[in-house]
Structures are given as structure tokens and as C-alpha cells.
Amino acid sequence: MSRPKIFRYSLNQKLRRTTNWIMRWATPCSKEEHFDVRQEQLERILIVRATFRMGDSILAIPAVWLFRKRFPHARIDFVGAPISAELFHNLPIDNHFTITRRCPGSGWDYPLLLRRLRSVGYDLAVDVSCSQSAMGSFLVGFSGARFRAGLKGRWDRWFNVRIARPSERNKYRILPAFLKNLGLESYDSLPALALSSTEKEDGRKKLQALTGQGSGRCTVGVFVGGRKAWGKKWPTRKFCELITALYRQGLNVITFIGPEEKDSLGYFRDALESAIPIVFEPAPRDFAAMISNCDLFVTCDSGPMHMACGLGIRTVAIFENPNFDHWGPPSSLARIVFGPGGCSAEEVFRICLEELFLDPAPVPDATGEGFDSSSLMSIPAVSKALRRLEKSVALRRPLFITRYAPSFFILSLLIYTWFFPPSAIFPEGTWMEELTDAVGFGLLIAGGLVRMWAVSHGGKGARLYRPHELKLITTGPYAYIRHPVSVAAVLIGIGLIFLSDAFPLIVLLLAFFALHHGVIIAAEEEFLKEKYGEGFVNYCDSVPKYIPLALPKRDFSSGSRLSGAEFTSIWGFILTGFLFDWLESLVHRSWLTSVYRWIFR
């Protein structure tokens with residue numbers, strides 16, 4: 001089942017389709033003009049590729065090089081996605097115009113873009129999508145160019161140079177064939193991204209810092225993404241098998257995570273060995289610079305597949321759908337792997353070794369243990385990685401369910417404070433009531449400080465660009481208790497209860513804690529035992545869960561991972577405490593009730 005589209009994108013798409021339909025209905029069909037690119041002196045050329053995917057932009061690169069070769073002194077502009085503006089920095093184009101899918105911004109962005117295009121006075125505007133793109137046809141048709149070229153088809157009414165569809169279906173061959181029919185040479189032109197020597201050197205240094213690339217071993221980059229909604233993504237389990245097997249083969253392996261795969265980042269971090277780097281690099285050119293230093297790149301059918309091919313890096317392209325004849329790179333750039341029932345990790349592993357000219361026969365891994373490459377499960381490290389993955393999935397499911405427990409608890413406090421009168425246990429204005437407030441604020445601040453201390457030592461989340469080694473945290477508060485973040489949450493909860501005088505809700509807080517202890521903590525410790533083995537068992541034997549055996553007397557130093565967002569969270573808890581303490585007064589409640597009735601009367 002495909003994922004529903006983001007509403008603003010879906011609305012924007014409908015608006016563009018409606019606009020195109022209206023323009024198609026309201027405008028006349030352009031008259032065909034005679035055009036011969038070999039005879040025309042073109043001084044201003046516009047190339048249009050009006051799609052937003054990385055791969056589509058990269059596949060349009062041959063048009064830039066071929067037009068520049070034929071017209072070396074002409075002004076050549078490009079209209080494309082924002083990502084193409086970054087990837088095309090070193091290409092021989094003069095101006096890059098960016099299309100948008102922002103809603104409602106596109107309502108005025110496109111008229112402004114057309115105004116800029118028409119002011120140039122292009123001799124030729126050409127839609128290089130080769131797929132009858134409605135938006136590309138619209139931009140070319142209303143660019144004001146003397147010649148407006150594109151494929152014959154449904155959206156060709158605004159072209160005055162209509163090119164017959166080539167017999168080619170493959171995306172790497174259809175554009176050169178289209179341009180050849182237009183009159184340009186070089187039928188076998190392939191996409192070629194241009195990186196500077198400085199960018200490549202920076203990418204090499206990053207990889208070397210992650211893997212110690214100076215050891216002379218081959219470096220394999222593995223991109224674990226792909227559009228899941230279109231059935232292109234390889235299962236996470238198979239990626240874990242492949243990455244672990246390649247690493248145990250003695251290769252430098254880099255696991256690349258893209259923006260659309262951030263949700264799966266935690267699973268790979270949990271399942272893979274700590275020495276296998278996981279990289280999230282959202283900047284396209286920095287990402288490309290790192291790929292350019294790989295000896296082999298493994299990926300599903302995705303934008304990075306086209307990027308690696310455009311960089312000339314040998315690629316193993318995994319196709320889950322039988323459309324590789326349409327989207328697959330040529331054999332000179334990539335090795336396509338496809339199976340009707342899905343590609344196995346063993347098959348991809350064998351092909352990776354063949355591409356690296358390594359022996360695919362049964363060989364010992366980096367530890368000296370022998371294994372049969374026809375069954376990756378024979379590698380102990382692979383089976384351990386899969387067990388860690390299973391336990392990670394088992395842990396994250398209840399984490400997702402209990403993610404909203406704090407919000408539900410705060411909401412319960414608000415409802416109780418609003419609809420129920422203050423408890424008479426400690427009457428307002430007495431020293432006992434003031435002591436209760438002091439205890440509440442004290443617990444709130446103590447919980448906030450413990451939380452900040454724990455987070456600063458890496459107790460919550462982790463960086464996307466993680467270091468070479470990821471170790472068990474035993475510093476800071478983790479030297480005294482195993483779950484300081486949970487203890488901090490309980491202290492903050494009790495503090496809010498004291499400040500709001502909502503003592504009956506202690507039962508709800510204890511219920512949340514019991515659920516967290518019995519489900520989340522149990523699953524987390526089971527996973528950590530699988531991840532760190534004997535080291536975590538020894539840690540559990542010496543450090544209690546929640547109550548320290550002795551109060552810390554020193555080592556209160558903050559770790560290196562404390563962010564400004566954490567300070568914001570703590571201040572939010574303190575301000576919430578002040579709000580509950582303020583609402584505890586009957587005078588304040590009646591004042592709020594009067595304001596509410598005055599507004600909604």
C-alpha cells in the first residue's frame with residue numbers, strides 16, 4: 001500500500017494539473033516551425049527538466065554537455081528542481097532557475113518565473129524530460145522562445161518543434177536519442193557530474209576518518225534507501241546481512257542514510273556492529289564527494305544510484321521491480337541485480353565480491369573464521385546482527401506506543417486542575433502549602449538537572465553522523481544508575497503533581513512507570529545485553545536500575561552532547577510547573593473562567 005502524499009504537495013499537484021488543463025483548453029495549438037540545429041545560430045538556449053527527484057535531474061545532464069559542445073559561446077540556462085541547482089554547480093550553464101512545489105507559493109512563483117524567462121528572449125527552449133511532462137511543456141511553451149521543442153504527445157500543443165518519440169525506452173539512452181533527432185551528435189552520451197578536486201579531497205578525508213582508509217582495503221558504500229511507496233526499497237534485514245558480511249570480509253563498509261530513511265536509522269545503528277560507520281549527509285555535493293571515493297557503491301533503484309553512475313563509480317543496482325530495462329544504468333556503469341521473488345543478500349554479496357575482483361568462493365572472514373558465501377547466516381556476526389535487529393524492532397514498537405505518555409499525563413494534570421477544586425490536605429496560604437510548592441519545584445529542578453546530565457553523556461538519541469566507535473555509556477549518572485532519564489521523568493512528574501495539588505494522579509504516574517518498567521526497560525535491557533554481551537551483564541551486576549547505592553560526590557561534569565534544545569525543554573517544564581501552581585488558586589481559576597465565558601458567550 002502506497003503512503004498518502006503530504007497534503008500541501010497533493011494540493012499543489014492538483015493546482016498545477018488544473019492550471020495546465022485550463023491553459024491547454026484556453027490556448028491555441030502552436031504552428032509547426034522548420035528547425036535545424038545544425039543551421040541555426042543559437043545565442044540563448046533554455047533547457048527544462050521540471051521534476052523534483054534527484055535521479056531525473058542527473059539524467060538531464062547530457063543535454064547540458066551536448067548543447068555546450070555544439071554552442072560553446074551561447075548562453076545556456078537550466079530550469080529544474082532545487083537539488084539540481086546544487087548538483088550542477090560545476091556544469092557549463094550560465095543561469096539556473098528553480099521550480100517549486102511549495103503550496104501556496106507556487107501560485108505566484110511560476111508566473112514570476114515565466115516573466116523572467118520571457119524577458120531573456122531565448123532562441124531555443126527544450127523540454128528534456130522525454131516523458132511528456134505537463135509542467136515542462138508549460139514552461140517551454142510559455143517561455144517566449146523562438147523555437148520551443150519537445151516530444152510529440154499529449155502536451156505538445158505549445159511546442160512549435162515536435163520531435164518523434166525515439167524507439168529507446170531506457171532513461172539513459174532515450175535522452176541522447178531525442179537530442180540526436182533534434183540534430184545534436186554523440187548518441188552514447190552518459191550523465192557526468194562535475195566535482196572539484198577540493199570537494200573530492202574533502203570527501204576522501206571524511207571517509208578516511210571513518211574507516212581508516214589508508215589501510216589499503218577496498219571501500220564499499222551501501223545506500224540503504226529507496227522509495228518504499230513504489231516498492232523500490234530492499235528490506236532492512238537484507239541490508240544488515242549484506243553490510244555485516246562485507247565488513248567481515250575485511251572491506252571498509254560505509255552505510256549511507258538519506259533524508260527519506262531517517263526513520264530506519266535507529267534500526268541500523270542497533271543492528272550493525274559499532275565499528276561500521278553510519279553516515280547521514282543531507283548536502284548533495286558533500287554526499288557525492290564521499291561516494292566519489294568509494295571503490296564500489298551498492299544501492300536500490302534510487303537517486304544515489306544515478307549519482308554514483310554520474311560520478312563514474314562502479315555500482316551494484318538492486319531492483320525490486322522488473323523495470324530495470326527502463327531505469328537501469330548501462331552495463332558499463334552498473335551491475336543490475338533482479339530476481340522475480342526478490343534478490344537475496346547472498347546473491348548481492350557474491351556480485352559485490354566479483355565486482356571487486358575478490359574470490360567469491362568460501363573464504364575466511366576478517367576474524368579467521370571460515371564461512372560459506374552461499375549462506376551468509378553461517379557467519380556468526382550476521383546472525384548476531386539479525387538478532388539485534390529483531391530485538392530493536394521489538395523495543396521500538398512499545399516505544400512508539402508510549403511516546404505520547406508524557407503528553408497524556410500533562411493533559412490529565414490540566415483537566416484535573418481545571419475541573420477539580422484544590423485538595424484540602426494543605427490549605428492555601430499555610431506553611432504546609434508553601435512547603436509543598438517548594439518540594440514540587442525542588443523535584444522539578446532536580447529532575448531537569450538529572451535529565452540534562454544524562455543527555456549530555458549520550459543518554460537520549462544519538463548523532464546521525466556517528467563516530468567510529470559507539471560504546472556502552474557508563475559515565476556521568478550512568479555510573480550510579482542504569483536509567484537516569486526514567487528517574488528524571490518520575491521526579492518531574494511528582495514535582496508537577498505537588499505543584500498542581502493533584503495527589504490522586506500519583507496513581508496514574510505509577511501506572512505509567514510500571515508500564516515503562518515492565519515493557520520498555522525490559523526490552524531495552526534485553527537488546528543491550530544482545531548488543532554488548534558480557535560487558536552489559538557486568539554493568540548490570542555493579543550498577544542498580546533506579547536507586548543509587550551511594551550518592552555521587554564528584555564527577556558532575558557535563559558531557560559533550562548537551563544541546564540548546566534540551567535547555568528549552570527544561571525551561572518548558574519549569575514554566576509548566578509555575579502554570580500549575582498559579583492554577584491551584586481558586587481566585588485564578590475563577591478569573592480564567594470569567595475570561596472564558598466572556599470570550600465564548
Antiparallel content of DSSP bridges confined to region 197-384, in %, to 5: 10
Loop chymotrypsin sites (Phe, Trp or Tyr not before Pro), region 226-317 (other Cβ atoms within 10 Å of the site Cβ: 11 or fewer; DSSP): none
FRET efficiency, PHE97 to HIS326 (Cβ-Cβ, R0 30 Å, nearest 0.05): 0.60
Net charge over other residues, Cβ less than 10 angstrom from the Cβ of VAL487 (K, R count +1; D, E count -1): +3
In region 321-362, the chymotrypsin sites (Phe, Trp or Tyr not before Pro) that fall in loop regions by DSSP, at most 14 other Cβ within 10 Å: PHE357
Counted charge near ARG49, where neighbours are those whose Cβ lies closer than 9 Å (Asp, Glu -1; Lys, Arg +1): -2
Using a Förster distance of 51 Å, the FRET efficiency for GLU534-PHE419 (Cβ separation, nearest 0.05): 0.45
Over 26 Å between alpha carbons, listed pairs LYS205/LYS238; LYS232/LYS531; LYS384/LYS471; LYS238/LYS391; LYS262/LYS471; LYS171/LYS262: LYS205/LYS238; LYS232/LYS531; LYS171/LYS262
Dipole-positive endmost among HIS89, VAL120, ALA145 within region 68-168 (Cβ charges, Cα centre): ALA145
Sum of side-chain charges, ILE93 neighbourhood, beta-carbon under 11 Å (Lys, Arg +1; Asp, Glu -1): 0
Region 34-76: trypsin sites (Lys or Arg not before Pro) falling in loop per DSSP and having at most 12 other Cβ within 10 Å: ARG38
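Every number in this text was worked out from the coordinates using simple rules, so none of it is lab data. Note that the structure is predicted; figures quoted are calculated from it, not measured. We place every Cβ from the backbone using ideal geometry, glycine too, and count neighbours over all the protein chains shown.
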